[in-house]
Amino acid sequence: MGRSRGRALLVPGSVSTGHRAAATACANTLEAHGWATHTLDSTLLVGQGWGPAAETAFRTMLAIPGLYDAFHFAGLRTGSRLAMGVDTAARVRLVPRLRDYLDRHPVELIISISPTGASAVSSLADRYPATRHVVFCTDVTPHRLWIHPHVDLYLVTSQAAEPSVQRFQPDARVLVIAPAVRPAFYRPPAQPTARIGLGVVAQDRCVLLISGSRGLGPLPEIAEALAEAGLHVLAIAGHNVRLERKLSLLAERLPKVQAFGFTDRMPELMAAADLVITSPGGTCMEARTVGRPLLLLDLVQGHGRDNLQHELELGDAAVTSKQPADVARSALAYLDRIKPAPAGPTRSLADWEATLDR
């Protein structure tokens, strides 16, 4: 990508903050190397109501033990008739809107950062033969809906992902890279500075509690158990307004709890913490970049189980159930054995930029 310059289109899905973070990281890097970029949200392009419907279906499946595991491993992973039908329904709605944009705004490069985006762009390949198509898969193990013809390069974030792609496309070109994070995580404040800004006592043991932008799991109960164990808790609700209200009420009652909704202060919050308690996902690499160990909540079925095992393999991570007492006990034990926080970030923005400049 680094040898030629032009116009690039990024197509993430707003249903995932990991997709959006990857799109932001790619756009910043491409622009730094002379590209003009634009981002189109595939979820919004599919049409009004699609995103909320997908979110409702996801939460419903998670609420029934084993159902999302069944759909992910037997449906999405293998490309069952049901899964391919979901892909077709989304693609049919997305393609006309994407085609209209590309006819008016031709580009030399498209980076799809969602299965739906990858499917739609692939189906338009004959119409734009000079446009290169890159699929950036943010899942540790890509499922069938990520894989499509007419893809010039797959960017994946684990060694296991390469054969997963080539299972369905044996001649696919695949490049394993580090997960993308937004630029701010490469320049977090020092821990003492972050704690002053947030009002966290320097000597307190402090944890950041978050379970993605959806705010999955019993976070208020977990935050209460952690605070009662003597820890200062920075609790993040993400886009979950109902959860934000519950955490705010808890913070009014317990001084050691601070509640936040969706916030752009994540680098500061991570820097203030000694430990990040989270579900596996994009937050993990953000925490690793800032230099904070992870206590992983076993919350999400399906791809969440793949992501959890991968994070444990990377090290500086432990796992616990979602039961509040278990989380508090695990956090206390883990804090007793982790190393002091590093003085600066553990990863370089220059290293990430070099990946896309190959």
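The values are calculated or read from the model by the stated rules, or taken from the named source; none is laboratory data. Keep in mind it's a predicted model, so treat the numbers as computed, not measured. Glycine also receives a Cβ, built like all others from the backbone with ideal geometry; neighbour counts cover every protein chain displayed. In case anyone asks, the SASA skips ligands and DNA or RNA and just uses the protein heavy atoms, side chains included. Shrake-Rupley method; radii C 1.70, N 1.55, O 1.52, S 1.80 Å.
When residues in the range 115-124 are screened for being touching a Lys or Arg at 6+ places or on another chain (Cβ under 8 Å) and either open to solvent by less than 10 Å² (accessible area, probe 1.4 Å) or not small (Gly, Ala, Ser) (or both), 4 of them pass. Return yes or no: is LEU314 open to solvent by 20 Å² or more (accessible area, probe 1.4 Å), out of contact with any Phe, Trp or Tyr (no Cβ under 7 Å at 6 or more places or on another chain) and aliphatic (A, V, I, L, M)? Yes. Taking the listed residues ARG127, ARG132, the one that is touching a Leu at 6+ places or on another chain (Cβ under 7 Å) and either within 20 Å of LEU82 (Cβ to Cβ) or surrounded by fewer than 24 Cβ atoms within 10 Å (Cβ to Cβ) (or both) is ARG132, with no other qualifying. The single condition from (1) open to solvent by less than 30 Å² (accessible area, probe 1.4 Å); (2) over 23 Å from LEU349 (Cβ atoms); (3) touching a strand residue (DSSP E or B) at 6+ places or on another chain (Cβ under 9 Å); (4) touching a residue at least 40 places away in the same chain (Cβ under 8 Å) that VAL300 fails is (3).
Can LEU209 be described as touching a Ser or Thr at 6+ places or on another chain (Cβ under 9 Å), buried (at least 24 other Cβ atoms within 10 Å of the Cβ) and of a type outside the set (Val, Ile, Thr)? When the stated conditions are applied, LEU209 passes them. For the range 184-206, filtered to residues that are among the charged types (D, E, K, R) and under 18 Å from PRO345 (Cβ atoms), the residue that is surrounded by the fewest Cβ atoms within 10 Å (Cβ to Cβ) is ARG187.
Cβ separations smaller than 7 Å between residues 6+ apart or across chains give the following pairs from the range 324-343 residues that are farther than 21 Å from PRO218 by Cα to residues that are part of a helix (DSSP H, G or I): ALA341/GLN191. Residues that are of a type outside the set (Ser, Thr, Tyr), touching a helix residue (DSSP H, G or I) at 6+ places or on another chain (Cβ under 7 Å) and modelled with pLDDT under 95 within the range 318-351 comprise ALA341, PRO345, ARG347, LEU349, listed in sequence order. Looking at ALA70, ALA54, ALA36, just one residue is without any contact (Cβ under 8 Å) to a residue 12 or more places away in the chain and either of a type outside the set (S, T, N, Q) or out of contact with any Ser or Thr (no Cβ under 7 Å at 6 or more places or on another chain) (or both), and that residue is ALA70. Does ASP306 fit the bill of being of a type in the set (Asp, Glu), surrounded by 20 or more Cβ atoms within 10 Å (Cβ to Cβ) and more than 26 Å from ARG195 (Cβ to Cβ)? Taking the combined requirement at face value, the residue satisfies it. When the residues of the range 237-258 are narrowed to those that are touching a helix residue (DSSP H, G or I) at 6+ places or on another chain (Cβ under 7 Å) and under 21 Å from VAL200 (Cβ atoms), which ends up most open to solvent (accessible area, probe 1.4 Å)? Ranking the qualifying residues of the range 237-258, first place goes to LYS256.
Do we find a residue being in contact with a His (Cβ under 7 Å, 6 or more places away or on another chain) and either open to solvent by 20 Å² or more (accessible area, probe 1.4 Å) or without any contact (Cβ under 8 Å) to a residue 24 or more places away in the chain (or both) anywhere in the range 259-268? Yes, that holds for at least one residue.
The helices (runs of 4 or more DSSP H) found entirely in the range 85-202 that carry 3 or more residues being within 22 Å of the chain's Cα centre (by Cα) and of a type outside the set (A, V, I, L, M, F, W, C) are 115-123, 161-168. Looking only at the range 1-35, filter to residues that are of a type in the set (S, T, N, Q) and under 20 Å from the mean Cα position of the chain (by Cα); which one of those is modelled with the lowest pLDDT? Per the stated criteria, the residue is SER14. Screening the candidates GLY217, GLY238 for the property of being in a loop (DSSP other than H, G, I, E, B), under 21 Å from LEU62 (Cα atoms) and in contact with a Gly (Cβ under 6 Å, 6 or more places away or on another chain) yields one hit, GLY238. Going by the structure shown, is GLY85 surrounded by fewer than 17 Cβ atoms within 10 Å (Cβ to Cβ), under 22 Å from GLY304 (Cβ atoms), of a type outside the set (A, V, I, L, M) and at pLDDT 85 or above? Considered against the rule, which asks whether it is surrounded by fewer than 17 Cβ atoms within 10 Å (Cβ to Cβ), under 22 Å from GLY304 (Cβ atoms), of a type outside the set (A, V, I, L, M) and at pLDDT 85 or above, GLY85 comes out as no. How many of the residues making up the range 159-176 are closer than 18 Å to ALA118 by Cβ, touching a residue at least 40 places away in the same chain (Cβ under 8 Å) and either surrounded by 15 or more Cβ atoms within 10 Å (Cβ to Cβ) or basic (Lys, Arg) (or both)? Total satisfying the criteria: 1.
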